[in-house]
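Scroll down for the structure; my scribbles are underneath it.
The values are calculated or read from the model by the stated rules, or taken from the named source; none is laboratory data. Predicted model, so just to flag it, every value in this text is computed and none were measured. Every residue, glycine as well, gets a Cβ built from its backbone with ideal geometry; the counts of neighbours run over all protein chains shown.
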Amino acid sequence: MGSRKLLVAAVAVVAIAAGTWLSFNTSAPPAEPRVATLLPAKVELPEFALLDHTGSPVDRSVFDGQWDLVFFGFTHCPDICPLTLQVLASARSQMADEGFEVLPRIVLVSVDPERDAPEKLARYVGYFGDGTFGITGELDELRKLTGALGIWFEKSALDGDDYAVDHSAAVLLIDPEGSYRAVFSTPHEAENFAHDVPIIMGLR
């Protein structure tokens, strides 16, 4: 009788071990971003002195304490800028609908500070929801930020005295420590941001 009990116990142990192994080896792999390019190492932002959309001075610490989706554009932009900001706003809404309580802030950094005074920028970013923030300021200070992040922009003449600003269309993800963590290249789709951003934030 004793040997029979030992056999039953041994079978139970093997079954439990097999179940544990099977569960471990068949569990879903960690989620990975679909389109975001993760930087191999964090890139710290440079020092700069700019203004936010309320006219208050901001420096690199403006990116501390929250995740930021950062886009470089301008208020006179006819298509790419408003479409990109709308995509980001839609992605935020999708994340909220999924139940995520921590949402990234959307930041528009103007590459046309000559025309984008704070009050004008404030009206513009207001169209894209409460989680949208604007930055503008002196051109030399702006180039400190764009140069460090690999963002290109340049004036292009139009009719008369009018002009446009050609610029990079990438969206950058900045972490709560103020470090550049990932980049989203075009084309931009809300579903991709809503999928990838929570993964990079460690929420999914």
Subset of segment 81-102 that is surrounded by fewer than 16 Cβ atoms within 10 Å (Cβ to Cβ) and of a type in the set (A, V, I, L, M, F, W, C) - its residue that is nearest to ALA117 (Cα to Cα): LEU83
GLY150 being out of contact with any helix residue (DSSP H, G or I) (no Cβ under 9 Å at 6 or more places or on another chain) and on the phi > 0 side of the Ramachandran plot: yes
Options SER110, SER156, SER90, SER179; residue that is of a type in the set (S, T, N, Q) and within 19 Å of LEU38 (Cα to Cα): SER179
Contacts under 9 angstrom Cβ, first residue in segment 162-184 being within 14 Å of PHE72 (Cβ to Cβ), partner of a type in the set (Lys, Arg) and crowded, with 18+ Cβ neighbours inside 10 Å, 6 or more apart: LEU172/ARG181; LEU173/ARG181; ILE174/ARG181
Those residues of segment 146-204 which are small (Gly, Ala, Ser), assigned to a strand (DSSP E or B), out of contact with any Lys or Arg (no Cβ under 6 Å at 6 or more places or on another chain) and farther than 19 Å from THR84 by Cα, in sequence order: SER156, ALA157
In segment 40-74, the residues that are in a strand (DSSP E or B) and either small (Gly, Ala, Ser) or more than 13 Å from the chain's Cα centre (by Cα) (or both): PRO40, ALA41, LYS42, VAL43, GLU44, LEU50, LEU51, ASP52, PRO57, VAL58, ASP64, GLY73
Residues of segment 92-126 that turn out to be under 21 Å from VAL62 (Cβ atoms) and either assigned to a helix (DSSP H, G or I) or of a type in the set (S, T, N, Q) (or both), as a count: 11
Test: residue in segment 178-186 that is hydroxyl-bearing (Ser, Thr, Tyr), over 11 Å from the mean Cα position of the chain (by Cα) and buried (at least 17 other Cβ atoms within 10 Å of the Cβ): no
ASP140 over 25 Å from PRO198 (Cβ atoms), charged (D, E, K, R) and out of contact with any strand residue (DSSP E or B) (no Cβ under 6 Å at 6 or more places or on another chain): yes
Condition check for THR84: modelled with pLDDT of 95 or more and in a loop (DSSP other than H, G, I, E, B): no
